[in-house]
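First the structure, in the form of structure tokens, and then the observations on it.
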């Protein structure tokens, strides 16, 4: 294993393939369930509620996976690679159950739950794996041996999600258009995703190293340049060397830890919860329902266009993250998403009241959706994991638990929104968008008051900020 920038990028991209898994599912499942005639033939008589449950059951699995499948046996963080591979195997199993079908929508839904278990674990561990290998590699920068790498590489995960959404929408269009065989048509999007899962599993197992393997190589390089390498930056490396006998139980330490461990985890949860309540999955899961009455405009074309905008905007976010404070980026995203959700809902209500099939109103709704996605992709999606990584306690076991708790709240919120959206869309229609707007405004206020600006601070300075906040709260 050669330790250089090229290999670090390769390891980060392989770990981020778990995001591609999730993105392909997000981009394909809503249209698959609501608009594939072959799927409706396989599973007839789905109600609004059961449709929502089928689509969102992955999120319920993610809730449990984020808590239960992120633990690793040894205190040295050595088992994270094994756990990622295990979770990928569980994802593979869940996808296989969905593909087989079993002629029961309940079994198909169970397959989505199993998929969610593995995906929930990897949504925690893969960004954390990227963070850790970048952190270890950057020890070389402390001795001016190597140029540092940015922990913004955690955003590779979000970038892969957006790429996956684009792939999911494109594959749905191709399979629906060019495959007429009912048995194969609705299964092909799932087969596409299972190939990605298998590829990631093989690459992670055979190509990616353990973080400790990188740590040892870093130590060897440092030893050539400094006789005091074992004393280098103990603040940065102490989380790898903690002994279990000196550690409290993680949950107890999260609750009682200082400075403000519990409050910091709470803020981390709020970042991902308010992210979901912007209504992003309202568009990605249910755009086929929201635009189903459009005339002369292909729903598939709208989905593909929106997913391409999402991917390109996420690419653009990388330059912004290097220049702007993460807090300001997040708040800008909330405000932009809220404004465009309000416009979309208002246009939708006007269209419903005048019973219009006008392409103009549909086009304006699509434009407001595209602007919503641009704000989300540039200012919210990629920055969320970076903010959470910065505010959580630095000990690896506590950081992993904090990521797991935060992600589980995100999965729970997404399940709640996804399962109820078809029913709420029938009951209150486009007024649901106003609910998202109100909650997003609460998110702006909460984050403005409670999220400190930690831009360009190292771990020591961030801890000092939290100590000062604790003193003010006392």
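Where helices (runs of 4 or more DSSP H) fall wholly inside the range 369-474, the ranges with 3 or more residues that are in the same structural domain as residue 317 (by TED's automatic domain parsing) and surrounded by fewer than 20 Cβ atoms within 10 Å (Cβ to Cβ) are 396-428, 432-450, 459-473.
Considering 70, 34, 51, 47, the condition of being modelled with pLDDT under 95, under 14 Å from residue 120 (Cα atoms) and not assigned by TED's automatic domain parsing to the domain that holds residue 311 is satisfied by 70 alone.
When the range 184-220 is filtered for residues that are at pLDDT below 90 and either in a loop (DSSP other than H, G, I, E, B) or under 21 Å from residue 43 (Cα atoms) (or both), the ones remaining, listed by number, are 209, 210.
Rundown of residues vs (1) within 30 Å of residue 424 (Cα to Cα); (2) touching a helix residue (DSSP H, G or I) at 6+ places or on another chain (Cβ under 8 Å), yes/no style:
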position: 4; (1), (2): no, no
position: 32; (1), (2): yes, yes
position: 43; (1), (2): yes, yes
position: 63; (1), (2): yes, yes
position: 92; (1), (2): no, yes
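Do we have any residue at all in the range 65-73 that's over 28 Å from residue 314 (Cβ atoms), touching a helix residue (DSSP H, G or I) at 6+ places or on another chain (Cβ under 7 Å) and surrounded by 17 or more Cβ atoms within 10 Å (Cβ to Cβ)? Yes, the range 65-73 contains at least one residue that is over 28 Å from residue 314 (Cβ atoms), touching a helix residue (DSSP H, G or I) at 6+ places or on another chain (Cβ under 7 Å) and surrounded by 17 or more Cβ atoms within 10 Å (Cβ to Cβ).
Taking the conditions exactly as written (under 24 Å from residue 399 (Cα atoms) and part of a helix (DSSP H, G or I)), does residue 91 satisfy them or not?
Working: under 24 Å from residue 399 (Cα atoms): yes; part of a helix (DSSP H, G or I): yes.
So residue 91 fits the description; yes.
Listed residues 319, 298, 325; which is free of Cβ contacts under 8 Å to residues at least 40 places away in the same chain and under 30 Å from residue 462 (Cβ atoms)? Selected residue: 319, the only one of 319, 298, 325 that is free of Cβ contacts under 8 Å to residues at least 40 places away in the same chain and under 30 Å from residue 462 (Cβ atoms). Looking at residue 284, is it assigned by TED's automatic domain parsing to the domain that holds residue 340, buried (at least 22 other Cβ atoms within 10 Å of the Cβ) and within 19 Å of the chain's Cα centre (by Cα)? Criteria met by residue 284. Here is a list: 136, 90, 97. Which entry is closer than 23 Å to residue 415 by Cβ and buried (at least 21 other Cβ atoms within 10 Å of the Cβ)? The match here is 90. Here residue 387 fulfils each of the conditions (1) farther than 16 Å from residue 343 by Cα; (2) out of contact with any helix residue (DSSP H, G or I) (no Cβ under 8 Å at 6 or more places or on another chain) apart from (2). Every residue in the range 288-320 that is surrounded by fewer than 19 Cβ atoms within 10 Å (Cβ to Cβ) and within 25 Å of residue 390 (Cα to Cα), please. The answer is 315, 316, 318, 319, 320.
The values are calculated or read from the model by the stated rules, or taken from the named source; none is laboratory data. Model, not experiment: these values are computed from the prediction. Glycine gets a Cβ as well: all are built from the backbone with ideal geometry, and neighbour counts include every protein chain shown.
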